[in-house]
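Heads up: the structure comes next, in structure tokens.
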Amino acid sequence: MHFTRPRDLVVAGLVALAFVYIAFKFAYGSMPRLPTLAGATLIVLAVIEALLAFSIRARIRQRRVTSALAVVRAVALAKASSMLGALMLGAWLGVLAALLPRVGDLAAATGDVRSALVGTPSAIVLIAAGLWLEYCCRTPEGGDRKHDDHPTG
């Protein structure tokens, strides 16, 4: 398994941006309003992941990791979260791109732009938390070779 590449996140964000922009540009009149705090749930996920990252980092440094499977699961969560954050960042930017020019014409657009202004930084924080969690799950440099407790002979 390799670390999350920035290219993958950028591509996911651009695909989401294009899809949401087109959807809001052509079908906005038939869509329900966006809840103002819809993007704030991403902050909750980011906080949980940041706490998990600090816990795993401390355990790895102190060599108290109880299960490698738990770390692998944390890496999978981190990769999924950074990808979700990239998709949501693209989606919120698509909403902004489609609705900012229409704020003066449509009253509903003002509320939906507020939602996007809450969601955009929330998505950025989730990307950062996912990447941080992934980073914290790495094996320290020279980890097994320097602290090998097994006798050699």
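The values are calculated or read from the model by the stated rules, or taken from the named source; none is laboratory data. A quick note: this is a predicted structure, and the numbers were derived from the prediction, not measured. When we count neighbours, we look across all protein chains shown, and the Cβ atoms used for this are built from the backbone with ideal geometry, even at glycine. For the accessible areas, the whole protein counts, side chains as well, though only heavy atoms, and no ligand, DNA or RNA atoms are used. Shrake-Rupley method; radii C 1.70, N 1.55, O 1.52, S 1.80 Å.
Each 10 Å bin from zero holds the following percent of Cα-Cα pairs in segment 43-99: 20, 40, 22, 12, 5, 0.
What value does segment 1-130 have for Rg/Rh, both radii from Cα atoms and Rh as Kirkwood defines it?
Values: Rg = 17.5 Å, Rh = 15.9 Å.
Reported Rg/Rh, Kirkwood definition of Rh: 1.10.
Given a 1.4 angstrom probe, what's the average accessible area per residue across the chain, in square angstrom? Each step should come with its number before you reach the end.
On the way: 9450 Å² over 153 residues.
Using a 1.4 Å probe on heavy atoms only, each residue of the chain averages 62 Å².
Estimated from helical segments only, the mean residue ellipticity of the chain at 222 nm is -25000 deg cm²/dmol, where each DSSP H run of four or more residues counts as -39500 (n - 2.57).
Shape class for segment 83-122, computed from the alpha carbon gyration tensor (a ≥ b ≥ c): prolate, with a/c not under 1.5 and a/b above b/c.
What part of the accessible area of the chain, given as a whole %, is carbon or sulfur when the probe is 1.4 angstrom?
Solvent-exposed carbon and sulfur of the chain make up 68 percent of the total.
Under the rule a/c < 1.5 gives rounded, and otherwise a/b versus b/c splits prolate from oblate, where does segment 10-57 land using the Cα gyration tensor? Oblate.
Defining a contact as two alpha carbons under 8 Å apart and six or more residues distant in sequence, what relative contact order in percent does the chain show? Let's see the in-between values first.
On the way: 192 pairs, mean separation 63.2, N = 153.
Relative contact order here is 41 percent.
If one computes the Cα centroid of segment 71-102 and of segment 37-55, what distance in Å separates the two points? Cα centroid of segment 71-102 versus Cα centroid of segment 37-55: 13 Å apart. Each Lys and Arg adds +1 at its Cβ and each Asp and Glu adds -1 at its Cβ; summed about the Cα centre, the chain shows a dipole of about 200 debye.
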